[in-house]
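Laboratory data are not the source of any read-out in this text; all were calculated from the coordinates shown. Small disclaimer: the values here were computed from a predicted structure and weren't measured. Neighbour counts are summed over all protein chains in view; Cβ atoms, including those assigned to glycine, are modelled from backbone coordinates with ideal geometry.
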Amino acid sequence: DHTDHEALGAFDPDTGDGLGVARYVRDPSRPDTAEAAVSVIDSWQGRGLGGALLERLTDRACQNGIKRFTAELRADNRAMLRLFEHLGRTDVRRDAGALELDVDLRTDAPEELASVLRGAAAGDVAPR
């Protein structure tokens, strides 16, 4: 629905083959939180595709009022852990070969500033 559930895919422009996907699903009991996941085919790992997908997914999530991602990773997936940590303050719990993450997403502007900017764009706020 592009609000409570978003999925973004990456495709090879020459072959049309799928290269990766990033998705989130909002937690109905915590509307500001969504479970996020990223998957990239082996031959494209380490080339920045996972980071690009996660960045675009985060932008979409923030546009939809999501402020926190949860995620589960294999404990040895350090590259993806670093990508999630880059998004904001990250709490990591280890559980038998897996990592459980809670990531507070950074926003580019505080909500008050964003509200003022939206008002200015709509013509509701005028400069002094």
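The order of the peptides 60-72, 5-17, 35-47 by mean Cβ neighbours within 10 Å, most packed first, is 60-72, 35-47, 5-17.
Label-to-label distance for ARG60 and ARG106 is 2.2 nm, based on points extended 7 Å past Cα in the beta-carbon direction. Placing a label point 7 Å from the Cα of ASP27 along the Cα-to-Cβ direction, the residues of the stretch 65-83 whose backbone N falls under 17 Å of that point are 65-73.
Only beta bridges with both residues in the stretch 1-103 are counted; by DSSP, about 90 percent of them are antiparallel. Separation of the stretch 1-32 and the stretch 45-86, taken as the distance between their Cα centroids, equals 11 angstrom.
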